[in-house]
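Here is the structure we will look at, set down as structure tokens.
The values are calculated or read from the model by the stated rules, or taken from the named source; none is laboratory data. As the structure is a prediction and not an experimental result, all values here were calculated from the model. Cβ: placed from backbone, ideal geometry, glycine included. Neighbour counts: every protein chain shown. Surface areas here come from the heavy atoms of the whole protein model, side chains and all, with no ligands, DNA or RNA. Shrake-Rupley method; radii C 1.70, N 1.55, O 1.52, S 1.80 Å.
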Amino acid sequence: DIPKFNKSKPINVPIYYKKALYNNTIASVKARYRNFDDAMGFGAGLMAYWALIFLFGIIHNLMSKLAPTLLLNITKKTSSWAPVRYYRKFISIPATFRSQHVERNVFRGLVPTRLESLVVFGFFVLVVVFEATRYHYVENDTIWPKKDVQMARYVGDRTAVISLFLSVLTFLLAGRNNIMLWLTGWKQSTFITYHKWIARITVLSSAAHGIAMFADSVWMGKYGTRKLTDWYRWGCVAMVAATILFLQAVSFLRVWNYEVFLYIHIAMAVIFLVGVWRHCENFSYDQWAFACAAIWVFDRAVRIGRIISFGTRDATVTIVSNETLQVTVPKRKWWKSFPGAYGYVYFLKSAVFWQSHPFTIVEEAADHVKFYIKIKKGATEHIYKKLLNEPNYSG
């Protein structure tokens with residue numbers, strides 16, 4: 001007879017178990033946690049991939065700042081080498097295909113350089129390999145007896161963890177005040193290119209997670225109960241938001257109405273982040289959502305700080321042609337720019353005063369900086385129409 005359980009008294013009768021069942025249970029638990037360990041290791045490997053890419057950029061940027069003469073001499077000496085010429089001709093300089101960098105493709109947007117494309121392709125290959133290999137099937141598994149259920153769960157767990165790593169990268173490379181932007185000295189367009197493609201890979205990885213877990217739920221006969229839980233529903237919310245982000249970021253939609261694209265993009269990013277947080281907190285992975293939120297908040301805080309430090313200025317805007325505005329902005333004496341620098345300009349008297357767009361600085365004097373801005377829809381068109389009624393088309 002089995003005695004009634006009493007918390008105050010230990011059970012003194014022997015407990016018998018089947019050795020084969022015990023061994024299978026241990027093997028099942030080990031396989032599951034080995035899969036989680038692999039997921040964490042692969043996620044760290046993906047972060048290391050980008051750390052290595054950034055390291056090359058940081059070294060080059062530091063040399064250009066601290067030892068420009070040495071870097072120039074190295075460039076001169078190596079420019080005649082056949083491998084270097086081949087690298088520049090076929091990899092670093094040309095666009096991905098035969099088009100030019102500034103040509104806008106309807107679906108891809110501005111065409112990236114071939115080097116950027118190779119970097120993204122290498123990353124994509126790593127994600128596919130990391131999410132498709134090193135799965136260990138355990139025969140007679142006591143947790144998931146059926147092979148299809150077991151493998152679906154392994155894929156679902158692996159892609160879930162890797163998607164969290166990818167989400168952090170996506171948010172990191174999206175901001176204007178991304179620390180890597182300062183350290184590498186790369187153009188922001190390069191980071192936007194990487195952000196877009198990493199984001200697309202993140203959505204695809206998240207979709208793989210959702211499909212695998214849906215299959216696992218159906219095959220285990222648990223879909224009816226799981227779909228009623230908060231974590232399942234918030235996971236669906238996050239996936240829907242991610243899908244909308246994926247689809248509405250198509251180039252022609254951004255060009256058609258950038259403001260609408262931006263508002264939807266921000267709203268869906270917030271919903272995605274909240275969905276990930278609520279979905280993951282049940283499994284103690286919500287710190288990944290907090291990390292993404294911290295990156296976003298930091299970028300916004302630095303943006304506000306830089307606006308305050310520069311202050312508001314009464315700029316002079318002049319029409320110089322039917323499609324170009326000249327904007328002259330008084331500046332603080334301590335504020336300096338450099339060749340190729342750009343600034344984000346807010347037009348506070350326009351109907352969209354909260355918007356800002358980057359413009360290249362074409363001239364800097366002791367007391368002002370000057371921009372040339374192409375007239376498009378929105379704030380620039382509003383200012384253009386207003387200046388048509390001003391003397392000398394200036395105000």
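Observations on the model:
- On inspection, V352 fails the criterion of being at pLDDT 80 or above and of a type outside the set (F, W, Y).
- Region 176-198, subset of a type in the set (A, V, I, L, M) and under 20 Å from R300 (Cα atoms), residue farthest from the chain's Cα centre (by Cα): L183
- Test: residue in region 29-36 that is touching a helix residue (DSSP H, G or I) at 6+ places or on another chain (Cβ under 6 Å), closer than 30 Å to I162 by Cβ and either at pLDDT 85 or above or not in a loop (DSSP other than H, G, I, E, B) (or both): yes
- As a summary of the residue check, R300 satisfies the conditions (1) touching a Phe, Trp or Tyr at 6+ places or on another chain (Cβ under 9 Å); (2) assigned to a helix (DSSP H, G or I); (3) of a type outside the set (G, A, S); (4) open to solvent by 40 Å² or more (accessible area, probe 1.4 Å) except for the one numbered (1).
- Near pairs, Cβ below 6 angstrom, 6+ apart or cross-chain, from region 134-156 (more than 14 Å from H209 (Cβ to Cβ)) to any residue that is open to solvent by 10 Å² or more (accessible area, probe 1.4 Å) and aliphatic (A, V, I, L, M): V138/A27; V149/M220
- Selection from region 347-359 of residues that are more than 18 Å from T316 (Cβ to Cβ) and either in a strand (DSSP E or B) or open to solvent by less than 70 Å² (accessible area, probe 1.4 Å) (or both): V352, Q355, S356, H357, P358
- Assessment of region 374-391 against the conditions (closer than 27 Å to L262 by Cα, hydrophobic (A, V, I, L, M, F, W, C), at pLDDT below 85 and exposed (fewer than 15 other Cβ atoms within 10 Å of the Cβ)) yields no matching residue.
Listed here are the residues, each with its yes/no results for (1) at pLDDT below 95; (2) open to solvent by less than 30 Å² (accessible area, probe 1.4 Å).
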| site | (1), (2) |
| --- | --- |
| A208 | no, no |
| A212 | no, yes |
| G224 | yes, no |
| W234 | no, no |
| A238 | no, yes |
| A242 | no, yes |
| Q248 | yes, yes |
| F261 | yes, yes |
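- Yes/no for L245 being within 16 Å of K376 (Cα to Cα), out of contact with any Gly (no Cβ under 7 Å at 6 or more places or on another chain) and part of a helix (DSSP H, G or I): no
- Looking only at region 37-55, and only at residues there that are over 18 Å from the mean Cα position of the chain (by Cα) and of a type in the set (A, V, I, L, M), the one that is surrounded by the most Cβ atoms within 10 Å (Cβ to Cβ): A39
- Selection within region 275-316 - within 30 Å of E363 (Cβ to Cβ), touching a residue at least 40 places away in the same chain (Cβ under 8 Å) and not basic (K, R): D299, V302, T316
- Selection count, region 317-335, where residues are exposed (fewer than 14 other Cβ atoms within 10 Å of the Cβ) and either over 35 Å from the mean Cα position of the chain (by Cα) or free of Cβ contacts under 8 Å to residues at least 24 places away in the same chain (or both): 6
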